[in-house]
Amino acid sequence: MAGKEEAGDAEKSFKLLGILDVRNVPCARESVLYGSLGGLTVGLGHFLATSRVRRSCDFGVGGFILSTLGCWVYCRYNNAKLRIQQRMVQEGMKKKILYESTQFDPEKERSEESRS
């Protein structure tokens, strides 16, 4: 039974060019989708403007690459920023738990100052 579930997961997985597992790599799915839309838009727009098919296809591929990379970098940057913020919050919570109700508690000093 477990073999069937693993085989089902392998079938659902989609690898782009055989190397990029779109399902498991963060930001890959969105990047490929936005890149496809960007490439189609650039290629179609260039074709409507110039009526040159081969050159429009080249522009479409270039638009796909630039849109995909732009979306990938933006998404990965936001994920890295989010991980850093989460790490800072976790460290702050650990320090809060560690120093709570001790002489090193910064909130205890603030409450004593406000009483004065």
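The values are calculated or read from the model by the stated rules, or taken from the named source; none is laboratory data. All of these numbers come straight from a predicted model, not from anything done at the bench. Ideal geometry is used to build each Cβ from the backbone, glycine not excepted, and the neighbour counts take in all protein chains shown. Only protein heavy atoms, including side chains, enter the accessible area calculation; ligands, DNA and RNA are left aside. Shrake-Rupley method; radii C 1.70, N 1.55, O 1.52, S 1.80 Å.
Modelled spin-label separation between Thr102 and Arg83, with each label point placed 7 Å from Cα along the Cα-to-Cβ direction: 3.0 nm.
A simple spin-label model places pseudo-atoms 7 Å from Cα toward Cβ; at Leu69 and Ser51 they are separated by 3.3 nm. Evaluating 6.51 cos²θ - 1.76 cosθ + 1.60 at θ = phi - 60° for every residue in segment 53-66, the Karplus couplings come out as 5, 4, 5, 5, 5, 4, 5, x, 5, x, x, 4, 5, 5 Hz, glycine and proline recorded as x.
The listed residues Val25, Val89 rank as Val89, Val25 when sorted by accessible area, largest first, using a 1.4 Å probe.
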